[in-house]
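The values are calculated or read from the model by the stated rules, or taken from the named source; none is laboratory data. Please read all numbers here as calculations on a predicted model, not as lab measurements. Don't worry about glycine lacking a Cβ; one is built from the backbone with ideal geometry, like all the others, and counts go over all protein chains shown. Note: accessible area is taken over every heavy atom of the protein model, side chains too, but ligands, DNA and RNA are not part of it. Shrake-Rupley method; radii C 1.70, N 1.55, O 1.52, S 1.80 Å.
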Amino acid sequence: MSERYAALKKLSDEFLGVFNRADIDGIMSSFAEDVVYEEFYGKVSDGKAAIRRSFENLFSDRFGTIRLDEDDTFIDADAGKVMSSWHLHLEMDGRPVALAGLDLLYFDGSRITRKLTYVQARAGLYEPA
(Lines give C-alpha, C1' and ligand atoms only; values in the text may rest on other atoms or scores of the structure.)
Protein backbone atom coordinates (compact mmCIF):
# COMPACT_ATOMS: atom_id res chain seq x y z
CA MET A 1 0.00 0.00 0.00
CA SER A 2 1.42 3.36 -1.02
CA GLU A 3 1.73 6.32 1.34
CA ARG A 4 -0.77 8.29 -0.78
CA TYR A 5 -3.28 5.41 -0.67
CA ALA A 6 -2.96 5.20 3.14
CA ALA A 7 -3.32 8.98 3.46
CA LEU A 8 -6.49 9.03 1.33
CA LYS A 9 -7.98 6.15 3.32
CA LYS A 10 -7.24 8.01 6.56
CA LEU A 11 -8.79 11.23 5.22
CA SER A 12 -11.94 9.47 4.03
CA ASP A 13 -12.25 7.62 7.37
CA GLU A 14 -11.88 10.94 9.22
CA PHE A 15 -14.59 12.47 7.03
CA LEU A 16 -16.93 9.56 7.82
CA GLY A 17 -16.20 10.00 11.52
CA VAL A 18 -17.03 13.72 11.64
CA PHE A 19 -20.13 13.08 9.53
CA ASN A 20 -21.39 10.43 11.95
CA ARG A 21 -20.80 12.80 14.87
CA ALA A 22 -22.78 15.52 13.04
CA ASP A 23 -19.69 17.70 13.54
CA ILE A 24 -20.32 20.41 10.96
CA ASP A 25 -17.08 22.26 11.76
CA GLY A 26 -15.18 18.97 11.33
CA ILE A 27 -16.97 18.28 8.06
CA MET A 28 -16.16 21.76 6.80
CA SER A 29 -12.48 21.41 7.73
CA SER A 30 -12.32 18.47 5.29
CA PHE A 31 -13.15 20.72 2.34
CA ALA A 32 -11.00 23.05 0.24
CA GLU A 33 -12.21 26.66 -0.01
CA ASP A 34 -13.33 26.24 -3.64
CA VAL A 35 -15.03 22.86 -3.14
CA VAL A 36 -18.04 21.78 -5.21
CA TYR A 37 -20.70 19.49 -3.74
CA GLU A 38 -23.20 17.78 -6.04
CA GLU A 39 -25.99 16.41 -3.85
CA PHE A 40 -27.98 13.30 -4.73
CA TYR A 41 -31.10 15.22 -5.76
CA GLY A 42 -29.28 17.48 -8.21
CA LYS A 43 -28.43 20.55 -6.14
CA VAL A 44 -24.91 21.85 -6.75
CA SER A 45 -23.27 23.92 -4.00
CA ASP A 46 -20.13 25.91 -4.77
CA GLY A 47 -17.83 26.94 -1.93
CA LYS A 48 -17.75 26.23 1.76
CA ALA A 49 -20.46 28.70 2.79
CA ALA A 50 -23.07 27.10 0.52
CA ILE A 51 -22.01 23.61 1.55
CA ARG A 52 -22.20 24.51 5.24
CA ARG A 53 -25.84 25.52 4.75
CA SER A 54 -26.57 22.13 3.14
CA PHE A 55 -25.04 20.22 6.04
CA GLU A 56 -26.71 22.45 8.63
CA ASN A 57 -30.05 21.61 7.01
CA LEU A 58 -29.24 17.89 6.95
CA PHE A 59 -28.27 17.85 10.65
CA SER A 60 -31.10 20.13 11.82
CA ASP A 61 -32.88 17.21 13.58
CA ARG A 62 -35.39 17.12 10.73
CA PHE A 63 -34.14 13.62 9.89
CA GLY A 64 -33.47 12.39 13.43
CA THR A 65 -30.12 10.80 14.18
CA ILE A 66 -28.16 10.34 10.96
CA ARG A 67 -25.58 7.59 10.52
CA LEU A 68 -23.54 6.62 7.49
CA ASP A 69 -22.32 3.01 7.36
CA GLU A 70 -19.59 2.46 4.79
CA ASP A 71 -19.82 -0.69 2.67
CA ASP A 72 -16.89 -0.55 0.25
CA THR A 73 -14.13 1.90 -0.52
CA PHE A 74 -12.11 2.15 -3.71
CA ILE A 75 -9.11 4.44 -3.84
CA ASP A 76 -7.21 5.71 -6.88
CA ALA A 77 -4.17 7.16 -5.14
CA ASP A 78 -2.60 8.50 -8.35
CA ALA A 79 -5.74 10.48 -9.23
CA GLY A 80 -6.53 11.49 -5.62
CA LYS A 81 -10.02 9.96 -5.76
CA VAL A 82 -12.01 7.90 -3.26
CA MET A 83 -15.29 6.13 -4.02
CA SER A 84 -17.21 5.01 -0.98
CA SER A 85 -20.48 3.05 -1.13
CA TRP A 86 -22.66 3.27 1.96
CA HIS A 87 -26.03 3.02 3.68
CA LEU A 88 -27.38 6.22 5.17
CA HIS A 89 -29.70 5.72 8.13
CA LEU A 90 -32.12 8.51 9.04
CA GLU A 91 -35.80 9.17 9.77
CA MET A 92 -38.40 10.33 7.29
CA ASP A 93 -41.91 11.10 8.50
CA GLY A 94 -40.92 9.62 11.86
CA ARG A 95 -39.96 6.25 10.38
CA PRO A 96 -36.44 4.81 10.04
CA VAL A 97 -35.14 4.71 6.48
CA ALA A 98 -31.90 3.40 4.99
CA LEU A 99 -30.72 4.77 1.66
CA ALA A 100 -28.02 3.05 -0.39
CA GLY A 101 -25.61 5.28 -2.24
CA LEU A 102 -22.06 6.33 -2.91
CA ASP A 103 -19.80 9.32 -2.73
CA LEU A 104 -17.02 10.21 -5.11
CA LEU A 105 -14.48 12.36 -3.30
CA TYR A 106 -11.78 14.25 -5.17
CA PHE A 107 -8.78 15.30 -3.09
CA ASP A 108 -6.14 17.92 -3.68
CA GLY A 109 -3.58 17.24 -0.98
CA SER A 110 -5.51 16.75 2.25
CA ARG A 111 -8.73 18.58 1.32
CA ILE A 112 -11.80 17.51 -0.64
CA THR A 113 -12.24 19.65 -3.76
CA ARG A 114 -15.31 17.89 -5.14
CA LYS A 115 -17.94 15.63 -3.57
CA LEU A 116 -20.45 13.86 -5.79
CA THR A 117 -23.25 11.95 -4.06
CA TYR A 118 -25.48 9.36 -5.69
CA VAL A 119 -28.39 7.46 -4.12
CA GLN A 120 -30.05 4.30 -5.37
CA ALA A 121 -33.71 4.97 -6.21
CA ARG A 122 -36.43 2.60 -5.05
CA ALA A 123 -38.48 3.30 -8.17
CA GLY A 124 -37.55 4.13 -11.73
CA LEU A 125 -37.64 7.76 -12.71
CA TYR A 126 -38.68 7.00 -16.27
CA GLU A 127 -40.00 4.19 -18.42
CA PRO A 128 -37.54 2.66 -20.90
CA ALA A 129 -38.31 3.35 -24.55
Roughly how tilted is helix 3-20, in degrees to the nearest 10 and between 0 and 90, from the longest Cα axis of the chain?
30
Farthest towards the positive end of the dipole of the chain, among Phe74, Val35, Leu102 and with Cβ unit charges of +1 on Lys and Arg and -1 on Asp and Glu, lies the Cα of Val35
When the accessible area of the chain is computed with all protein chains present and a 1.4 Å probe, what percentage of it is carbon and sulfur?
51
For region 28-102, Kirkwood radius (reciprocal of mean inverse C-alpha pair distance, Å):
14.0
If you count only protein heavy atoms and use a 1.4 Å probe, how large is the accessible surface of Glu33, to the nearest 10 Å²?
140
Taking Cα centroids, how far is region 70-120 from region 1-27 in Å?
11
Share, in percent, of DSSP beta bridges within the chain that are antiparallel, nearest 5
90
Evaluate the charge dipole of the chain about its Cα centre and quote only its size in Debye, nearest 20, assuming +1 on the Cβ of each Lys and Arg and -1 on the Cβ of each Asp and Glu.
160
Heavy-atom accessible area of Val44, protein chains in place, probe 1.4 angstrom, given in Å² to nearest 10, is 80
Below 15 angstrom from the Cβ of Gly17, what's the summed charge of the other residues (Lys, Arg +1; Asp, Glu -1)?
-3
Loop-located trypsin sites (Lys or Arg not before Pro) in region 26-65, at most 16 other Cβ atoms within 10 Å (DSSP)
Lys43, Arg62
